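Undergrad: Encoded as structure tokens, here's the structure I'll be asking about.
The values are calculated or read from the model by the stated rules, or taken from the named source; none is laboratory data. Treat the numbers as computed from the prediction; the structure is a model and nothing was measured. A quick note on method: Cβ atoms are made from the backbone with ideal geometry, for glycine too, and the neighbour counts reach across all protein chains shown. SASA here: full protein model, heavy atoms, side chains in, ligands and nucleic acids out. Shrake-Rupley method; radii C 1.70, N 1.55, O 1.52, S 1.80 Å.
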Amino acid sequence: MASSTRLPADCSRRLVAELRGALDACAERQRQLDRSLRVCRRLLRAWEPAGPPAAEPTPGPESNGDPSPACTPSPQDLKELELLTQVLEKAVRVRKGVSKPAERDKAPSLKPRTVATPPATTTSAPPQAPGQAGSRTPETRPPRRIRQSKVLAKGHPERKLLSTREKTSLGRGAQATSPSPGDQQVTPSAAPRAPEAFTLEEKGTLLRLPVAFQKAASQNARLWAQIDSTRTSDSANAATRTRFLQRMQAASGRPNMGLSAAAVEAEVGRLRQACSLLRLRMGAELAAAPAGWVQEYRCLLILEGLQAMAGRCLQRLQELHEAVTEQHLELWPSGMPPRASSLCGGGTDAAWSPQPLLYSSTRELQTLAALRLRVAMLDQQLHLEKVLMVELLPLVRTQGPDCLALFRAVYSLLCNGGQRFPMVLRDEPAD
Amino acid sequence: MGRRRRWVGQVAGTRAGALPEAIAALSRTLSAGPSPETFRRAKFDFPEAAPPLWRLLFYVLSPLSEDDIAASLTPEARVRLVKSAMRAQGYPRLAFSRLPEDGSQGSRELLLALSWLLARGPLLERLLARTRVRLGDEMPVCECEDLPCGRASPGPPTLCKDTEGCVDVRHVQWLMGKLRFRWRNLICSHQAQCALLSKIHEYTLGCHSDQSLNHLSAAETELLRDPEGGQQLLQMLEFENMRLEAALEWRRLEQVFWQWMDTVLGACPPDFPHAGSQSTFLPSIPDPGAGELDLVARELQALQVELREAVEVRRAAWEAQVRGLRPERSAEMRALKEAVGRELATLQQAWEREGGPVRPHRPHRLVRSEAGALPGQGLWAAEAIGALRNKEACLEAVLCWLQGQCQQELARLAGALPGVIWIPPHGR
């Protein structure tokens, strides 16, 4: 039985290479994501190593407790995540242990405070459930330092400011920049001099970016915006470039070149997209129950229009096919077309300066991220489906009935993404 | 060749020194690109200018984050990749395709090839964007950014060498299962990341010096936590600013460059196709792309059949009904026809426009903002979600169709098997 489910060498190599590629791509994404998760988690804990590492808050609940709209993680997933979290925590702890002496050397004034801090206060408040954006209690934020910190931010652009150093720098800042006297009076009303660890949740709003960085960042934004704006306005340059391209084409050994392989590839991609859009629209029209003659007529017109469009697409495809044969164009030299949505990739009307993507709640952000992944996954699935079709269908066509196991496996791979299997009963002839 | 002494600046009607400035700006924009001197030497086809230009072309034509691949390739392989990438884009010069593969010669042809790429597209912008310092928490809306994780490398896919020979189909199934599992993990991690980012944004509200951004990103908060890393980030940012300034200067001065390139082109021997050159351009390999063309054709044909059937039924029903309609309806019908025409034209634009539906490609920085607030321009997540849902539906439809095709084919094959009862799995 085992021998009948073996795949030929060529087919094996191709499939394994494709799947490995897909797996590697996923793993790479995961690595990037883990890196970013690590950074975020660290930021949400107390920053300064103000106490023994044992007092670290466990970030478990914040990562696992989020009810996500797109996926409800299975217990197994949670367990995996938990493990991952533990490993990450350990890594952070090790890193902190290494970096602590260095930091003490840099800021000796901090040392006594660091030692004196009781461990209990370093534990940051348990993170809130996401999605409750407005529920931050203002009382937890000591209001007394806001003004001072702003003064300091101006006075010490080089100090990266605040964090738990705010108190130490306050001492120096009092001499150097003389904060307004009112602050001193407010201070006693808050917890008197109790050493506190800095957490983003409590004092995040006190942070200010260093001035040098602010300048560079705003210059950066301005320059990118200029790149976008001058691009649309440099018609003289565009004309010169076009002229140069024409001269070059005329002086080349193939002055009458038709379409390039890249152009054909792009257009085939567009036609593929056209097909799915047409199909989608057709489905919507057929599903709607027309009420009254106007709707009925409209639906008919649309279907006829779609039919004509599909015809034109087919015709264009035929033309492309001829061009490919005539000019011996080599499409997709790596074997298969790139996945569906690679068409974009900085086309001529691309903009380069970052634009805000505005979201209003954690839930919305999660939905967006989940959908993005879903689309990427479907894209990959579609690609793999095509590869599997090319490799496996010819195989089962030529096999006889003695390879039912292979048949069954192929059916499941091609028709159900490998998730469900058909049932096969041998109908032994009754004696 | 007394002419050879001439350096730049002598292009008619331009200020002396403008050309060196333009080339210097270009060179600075390309960051690790060739020095201005290399460009001058390339005009005279000096061989020492060839290796840096091959390197630059390879860098320009290879997709994102392929440094490791670049390192693993021999110079010959790189030359071949550059040639095939140029051919695929439709580069017309035959002399270029005939350059020796050791990469030792042809600096003038290489300069022409680079100029061709420069003249055609937003090349510099793309290169700048490729190494852009990401200050914000970004969420690409355009899926093309997922591509680097995909498989669009210009190299042959044989880079991953699997010499294990035949595998069992169960191994393929196992790999598929593993892939599904990885996606599930990825989705969960993404959800966790969104929750964390959203907290960082919320806790730092009002901290950003840029009013429209309002809060800090993870990277910006991190630079406050880790001043040394912040210093590095600042340096990278300043370096990028320098390159951006150079790119803007290049745009101001590029006219001179193109005039100079005209003289370079004039200095070239004619680009004749000579006997035997055909073989370099017309490889007689079987065309793997034809499969994809056929697949799209089949998809379109199937769609057309379905549409024809649907139209026939509805047209018959309509004609039966229309006999009862009064003639004054005709104006209404004409208006309806026009409206439908407009609607379908919009649909067609969705795929005909380069760059996909409506929105051009650009990077996006996440900004938390209460619904209803109006912080200048930006893309609302709800809009992006809508676009993605459309995309999702499209992809699902195609996948479904392909699976259906396979199902039909396999059911047909199974039906032909004697003595076997075939029960497909139920539900999806």
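Undergrad: Please work out which one of (1) within 7 Å of chain A (Cβ to nearest Cβ); (2) open to solvent by 20 Å² or more (accessible area, probe 1.4 Å); (3) touching a residue at least 12 places away in the same chain (Cβ under 8 Å) is the condition B:A387 fails and give its number.
TA: Going through the list (1) within 7 Å of chain A (Cβ to nearest Cβ); (2) open to solvent by 20 Å² or more (accessible area, probe 1.4 Å); (3) touching a residue at least 12 places away in the same chain (Cβ under 8 Å), B:A387 breaks only (1).
Undergrad: Go through (1) open to solvent by 40 Å² or more (accessible area, probe 1.4 Å); (2) at the interface with another protein chain (Cβ under 7 Å from one of its Cβ atoms); (3) among the hydrophobic types (A, V, I, L, M, F, W, C); (4) over 26 Å from A:T242 (Cβ atoms) for B:C207 and report which single condition fails.
TA: For B:C207, the exception is condition (1).
Undergrad: Kindly check whether there is at least one residue in segment A:256-268 that is touching a helix residue (DSSP H, G or I) at 6+ places or on another chain (Cβ under 6 Å), open to solvent by 50 Å² or more (accessible area, probe 1.4 Å) and within 30 Å of B:K337 (Cα to Cα).
TA: No: segment A:256-268 contains no residue that is touching a helix residue (DSSP H, G or I) at 6+ places or on another chain (Cβ under 6 Å), open to solvent by 50 Å² or more (accessible area, probe 1.4 Å) and within 30 Å of B:K337 (Cα to Cα).
Undergrad: Does at least one position in segment A:301-314 carry a residue that is at pLDDT 75 or above, more than 7 Å from chain B (Cβ to nearest Cβ) and over 30 Å from B:H215 (Cβ atoms)?
TA: Yes, some residue in segment A:301-314 is at pLDDT 75 or above, more than 7 Å from chain B (Cβ to nearest Cβ) and over 30 Å from B:H215 (Cβ atoms).
Undergrad: So in segment B:182-204, with the set limited to residues that are under 18 Å from A:R45 (Cβ atoms) and within 31 Å of the chain's Cα centre (by Cα), which one is farthest from the other protein chains (Cβ to nearest Cβ)?
TA: In the first step, residues of segment B:182-204 are kept if they are under 18 Å from A:R45 (Cβ atoms); the result is B:192-193, B:195-204.
From what's left, within 31 Å of the chain's Cα centre (by Cα): B:192-193, B:195-198, B:201.
Working: B:A192: 4, B:Q193: 5, B:A195: 4, B:L196: 4, B:L197: 6, B:S198: 4, B:H201: 9 Å.
So, considering only residues that are under 18 Å from A:R45 (Cβ atoms) and within 31 Å of the chain's Cα centre (by Cα), the one farthest from the other protein chains (Cβ to nearest Cβ) is B:H201.
Undergrad: Consider only pairs whose beta carbons are under 6 Å apart and that are at least six residues apart or on different chains; among these, list those whose first residue lies in segment A:256-268 and is in a helix (DSSP H, G or I) and whose second residue is surrounded by fewer than 18 Cβ atoms within 10 Å (Cβ to Cβ) and at pLDDT 80 or above.
TA: Close Cβ pairs satisfying both conditions: A:A262/B:Q89.
Undergrad: Given (1) among the polar types (S, T, N, Q); (2) more than 7 Å from chain B (Cβ to nearest Cβ); (3) under 36 Å from the mean Cα position of the chain (by Cα); (4) surrounded by fewer than 18 Cβ atoms within 10 Å (Cβ to Cβ), identify the lone condition not met by A:Q380.
TA: (4)
Undergrad: So, in segment A:380-423, how many residues would count as being of a type in the set (G, A, S) and part of a helix (DSSP H, G or I)?
TA: 3
Undergrad: Can you find a residue that is crowded, with 22+ Cβ neighbours inside 10 Å and not assigned by TED's automatic domain parsing to the domain that holds A:S276 anywhere in segment A:387-397?
TA: Within segment A:387-397, one or more residues are crowded, with 22+ Cβ neighbours inside 10 Å and not assigned by TED's automatic domain parsing to the domain that holds A:S276.
Undergrad: How many residues, within segment A:7-21, are open to solvent by less than 10 Å² (accessible area, probe 1.4 Å) and within 19 Å of A:L373 (Cα to Cα)?
TA: Summing the residues that are open to solvent by less than 10 Å² (accessible area, probe 1.4 Å) and within 19 Å of A:L373 (Cα to Cα) in segment A:7-21 gives 1.
Undergrad: Now a separate question. Quick one: what pairs do we get from segment B:408-428, first residue touching a residue at least 12 places away in the same chain (Cβ under 8 Å) and more than 8 Å from chain A (Cβ to nearest Cβ), second surrounded by 14 or more Cβ atoms within 10 Å (Cβ to Cβ) and assigned to a strand (DSSP E or B), C-beta under 9 Å, 6+ apart or different chains?
TA: Qualifying pairs under 9 Å: B:A411/B:W422.
Undergrad: Please tell me if A:V294 is at the interface with chain B (Cβ under 8 Å from one of its Cβ atoms), open to solvent by less than 50 Å² (accessible area, probe 1.4 Å) and either over 30 Å from B:E109 (Cα atoms) or acidic (D, E) (or both).
TA: Values: at the interface with chain B (Cβ under 8 Å from one of its Cβ atoms): yes; open to solvent by less than 50 Å² (accessible area, probe 1.4 Å): no; either over 30 Å from B:E109 (Cα atoms) or acidic (D, E) (or both): yes.
In short, no.
Undergrad: Just checking, which of B:L117, B:L99 is part of a loop (DSSP other than H, G, I, E, B) and more than 9 Å from chain A (Cβ to nearest Cβ)?
TA: Exactly one residue qualifies, and that residue is B:L99.
Undergrad: Considering A:R397, A:R374, which residue is of a type outside the set (G, A, S), within 12 Å of the chain's Cα centre (by Cα) and facing another protein chain (nearest Cβ under 7 Å)?
TA: Of the residues listed, the single one that is of a type outside the set (G, A, S), within 12 Å of the chain's Cα centre (by Cα) and facing another protein chain (nearest Cβ under 7 Å) is A:R374.
Undergrad: What residue, of B:L99, B:L94, is over 26 Å from B:S31 (Cβ atoms) and more than 24 Å from the chain's Cα centre (by Cα)?
TA: B:L94
Undergrad: Hey, another quick one. Could you check how many residues of segment B:107-125 are farther than 29 Å from A:Q226 by Cβ and open to solvent by less than 10 Å² (accessible area, probe 1.4 Å)?
TA: The total comes to 3.
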